[in-house]
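The values are calculated or read from the model by the stated rules, or taken from the named source; none is laboratory data. Keep in mind that what you see is a predicted model, and the values were worked out from it rather than measured. Here the Cβ positions follow ideal geometry from the backbone for every residue, glycine too, while neighbour counts run over all protein chains shown. These accessible areas exclude ligands, DNA and RNA; they are computed on the full protein's heavy atoms, side chains included. Shrake-Rupley method; radii C 1.70, N 1.55, O 1.52, S 1.80 Å.
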Amino acid sequence: MREQKTKTLTDGTAAMFMAQLAEVERFAPVVRYLLRSLQAGGDLAVTLIEQMTADAEEYLAAGEAAGVIRPSRDRSARTRYLAYQAAGGMVLWFTVHGATAEPESFRTQFRRYVEEITLPALELFSQGLLVDRSMLDDYLMYVPDPPSDGDAATAAR
């Protein structure tokens with residue numbers, strides 16, 4: 001999955017993303033294992049979320065280097081937030097919708113999950129949510145050591 005996400009986030013074209021979306025069911029076995037492991041909790045869940053976060057930091061950095069991902073004031077914090085949101089959202093969705101034990105049924109559920117989240121996720125990540133920066137700017141003034149103007153200008157691009 002890390003390899004596929006790296007391709008998507010460094011290519012910068014919709015063609016790569018659409019090709020992966022067309023075959024999303026091939027990731028269902030890995031996602032099913034991940035889901036069950038996260039739901040079980042314990043050391044395995046901790047290890048998995050830490051590995052997912054480390055992998056995500058690598059492919060987000062590659063995306064930044066490729067000019068596809070905007071730089072962050074704090075790449076590690078942003079990556080952890082995204083990993084928690086993605087994993088937590090997936091666990092919640094499959095818990096609410098009753099994840100099935102049968103592999104073929106899970107593939108169908110996984111397709112449904114992906115179809116349900118893709119549009120709002122792409123909209124949020126490509127267009128943003130807030131109409132202005134006022135909350136961010138106020139927060140940066142609130143934290144003890146806000147980034148310099150040069151860092152903020154880089155992150156705002």
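Annotations
- Within segment 105-127: backbone nitrogen closer than 19 Å to the Q85 label point (7 Å, Cα to C-beta): 113-127
- S134 paired with I117, simple spin-label distance in nm, labels 7 Å along Cα-to-beta-carbon: 3.2
- Extension gain (nm, one decimal) between K7 and R70, 0.36 nm per residue minus Cα-Cα: 21.0 nm
- Only Cα pairs under 8 Å and 6+ residues apart enter the sum, and on that basis the relative contact order of the chain stands at 29 percent.
- Segment 8-50: C-alpha gyration tensor shape, a/c 1.5 cut-off, then a/b vs b/c: oblate
- Rounded accessible area of S105 (nearest 10 Å², 1.4 Å probe): 50
- Options F94, V30, S105, ranked by Cα towards positive dipole end of the chain, top entry (Cβ charges): S105
- Cα gyration tensor category, rounded, prolate or oblate, for segment 1-122 with a/c compared to 1.5: oblate
- The GNM of the chain, with springs linking C-alpha atoms under 10 angstrom apart, assigns the highest mean-square fluctuation among Q85, Q127, Q51 to Q127.
- What the Cβ-Cβ distance of F125 and E104 gives, at R0 = 35 Å and to the nearest 0.05, is a FRET efficiency of 0.70.
- With every protein chain in place, segment 84-130: carbon and sulfur % of accessible area (1.4 Å): 63
- Using θ = phi - 60° and Karplus 6.51 cos²θ - 1.76 cosθ + 1.60, couplings along segment 46-54 (whole Hz; Gly, Pro as x): 4, 4, 5, 5, 5, 5, 4, 5, 5
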